[in-house]
Amino acid sequence: MWRHAAARRSAQIRRLLSTSAPSAGAGSAVRGPCIVHKRGTDILHDPWYNKDTAFPLTERDRLGLRGLLPPRVMSFEQQYERFINSYHSLEHNTQGEPDSVVSLAKWRILNRLHDRNETLYYRVLIDNIKDFAPIIYTPTVGLVCENYSGLFRRPRGMYFSAKDKGEMMSMIYNWPAEKVDMIVVTDGSRILGLGDLGVQGIGIPIGKLDVYVAAAGINPQKVLPIMLDVGTNNEELLEDKLYLGLRQPRLEGEEYLAVVDEFMEAVHARWPKAIVQFEDFQMKWAFETLQRYRSRFCMFNDDVQGTAGVALAGLLGAVRAQGRPLADFTKQKIVVVGAGSAGIGVLNMAKHAMLRMPGTHKIGELGEGHNQFWVLDKDGLITKSRKDLDPAVARFARGYGPEEVEDLHEGASLLMVRSRK
């Protein structure tokens with residue numbers, strides 16, 4: 001399935017690239033001329049226009065490249081084969097090394113290609129998405145984020161920080177693309193399961209958008225990864241001499257929201273139709289920003305809504321797989337392990353789906369305590385006796401009594417909850 005989808009998208013992106021950048025090599029079909037306003041080394045240093053040794057002699061003359069490249073002209077296909085051979089050679093040479101070392105080495109070779117030749121980079125990703133998706137995104141992207149300050153070689157995307165307050169409306173016009181269709185933004189506060197990684201969380205938007213280009217056919221010239229740096233509470237990063245972000249504690253409350261407000265207004269002013277995807281925000285801000293912006297801007301939160309949408313599809317599919325009508329979804333027992341934004345997002349979407357089922361019109365018809373829903377975190381079952389619960393979690397905390405958890409207790413294990421009828 002991966003390979004068939006990749007083949008279709010590869011053809012789409014190749015058609016797109018042929019009209020947006022110089023021809024991929026001798027003999028490549030180009031629909032029309034590509035006007036290039038750069039010459040010489042400026043072209044070689046621009047990964048969108050650079051073709052390395054694939055520039056034919058006529059283009060080398062016109063673009064002032066003769067003498068700046070080795071004399072041999074290689075076709076795009078030959079460059080592709082050379083990279084794949086180098087990648088397989090890396091795999092062979094790193095046999096026996098720890099998985100983390102091998103994964104980072106693979107990420108580096110792909111990142112170097114991305115830095116110098118985006119056309120070849122995306123062709124490689126599209127044709128080999130099944131093999132490379134775990135390298136450009138999870139699980140390797142977690143390692144990349146943890147080590148990003150040491151791995152940093154070239155900026156990618158945009159960085160808006162708390163120090164830029166009052167300047168964001170003008171900053172947004174520093175991005176060279178006239179049109180942006182898709183933005184992925186993070187504040188680095190909850191990167192995967194790794195916690196607060198500050199500015200190093202930029203690896204998540206970069207990796208996510210690469211997957212969107214390779215697997216969904218989004219125009220790579222119209223995507224923008226963004227980092228909102230409002231500080232970090234990670235003491236190790238604050239003491240790290242290589243750390244590239246603001247060396248201050250995270251903004252909270254109205255100060256935090258003021259930064260995000262200004263950012264959203266700036267994006268909307270320049271690209272009013274761009275989709276803004278919020279990614280890996282800690283739970284309190286994930287829900288707060290979603291409610292704050294969803295009616296005003298074209299945005300969504302991937303952890304709260306994206307994960308929940310996929311999970312709900314699986315839950316409804318499970319009902320059908322049992323040969324039961326979808327209306328029986330309201331009778332299912334749903335246990336979520338993890339009380340973060342993704343877990344609570346799944347519960348919210350499941351609850352709303354139940355309320356839309358025929359014959360169900362209000363919360364009371366699902367039971368006063370939402371008896372179908374159980375949520376656990378690292379400390380076990382969450383009940384109303386738990387102190388300092390986030391309001392989003394408290395809605396699904398279990399009470400006590402015959403209709404609730406009379407035979408269970410705060411912190412009960414997953415096995416105990418599962419065995420309760």
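The values are calculated or read from the model by the stated rules, or taken from the named source; none is laboratory data. None of these values were measured; they are calculated from a predicted model. Counting neighbours? That spans all protein chains shown, and the Cβs are built from the backbone with ideal geometry, glycine included. For accessibility, only protein heavy atoms count, side chains too; no ligands or nucleic acids. Shrake-Rupley method; radii C 1.70, N 1.55, O 1.52, S 1.80 Å.
Taking every protein chain into account, the accessible area of the chain amounts to 49 square angstrom per residue (probe 1.4 Å). Please state the shape class of segment 274-313: rounded when a/c is under 1.5, otherwise prolate if a/b exceeds b/c and oblate if not, all from the C-alpha gyration tensor. In terms of gyration-tensor shape, oblate. Ligands, DNA and RNA excluded, the heavy atoms of Asp181 present near 60 Å² of accessible surface to a 1.4 Å solvent probe. Normalised radius of gyration (Cα atoms, divided by 2.2 N^0.38 Å) for segment 52-206: 1.24. For segment 227-346, a simple Cβ point-charge model (Lys and Arg +1, Asp and Glu -1, everything else neutral) yields a dipole of about 900 debye relative to the Cα centre.
Applying 0.36 nm per residue to the separation of Glu239 and Asp261 and subtracting their alpha-carbon distance, the gain on full extension is 5.0 nm. Reported to the nearest whole Å, the Cα centre-to-centre distance from segment 87-129 to segment 179-213 is 20. Computed from the Cβ-Cβ distance with R0 of 25 Å, the FRET efficiency linking Asp42 to Ile275 stands at 0.20. If Lys and Arg each add +1 and Asp and Glu each add -1, what is the summed charge of the other residues whose beta carbon sits under 12 Å from the beta carbon of Ala162? Local net charge: -3.
Among Asn117, Met349, Gly309, which residue has its Cα furthest toward the positive end of the charge dipole of the chain, with +1 on Lys/Arg Cβ and -1 on Asp/Glu Cβ? Of Asn117, Met349, Gly309, it is Asn117. The calculated Kirkwood hydrodynamic radius for the chain is 24.3 Å, given to one decimal from all distinct C-alpha pairs. Element breakdown for the chain at a 1.4 angstrom probe: carbon and sulfur atoms account for 54% of the accessible area.
Taking the alpha-carbon distance from Lys331 and a cut-off under 17 Å, which aspartates and glutamates remain once sequence neighbours fewer than 8 residues away in the same chain are dropped? Excluding near neighbours in sequence, the set is Glu365, Glu368, Glu403, Glu404. Just list whichever of Lys38/Lys165; Lys163/Lys351; Lys38/Lys208 have alpha carbons separated by over 32 Å in the model shown. Beyond 32 Å: Lys38/Lys165; Lys163/Lys351. Can you tell me the 0 to 90 degree angle between the C-alpha axis of helix 307-321 and the longest principal axis of the chain, rounded to 10? Orientation of helix 307-321: about 60 degrees from the principal axis.
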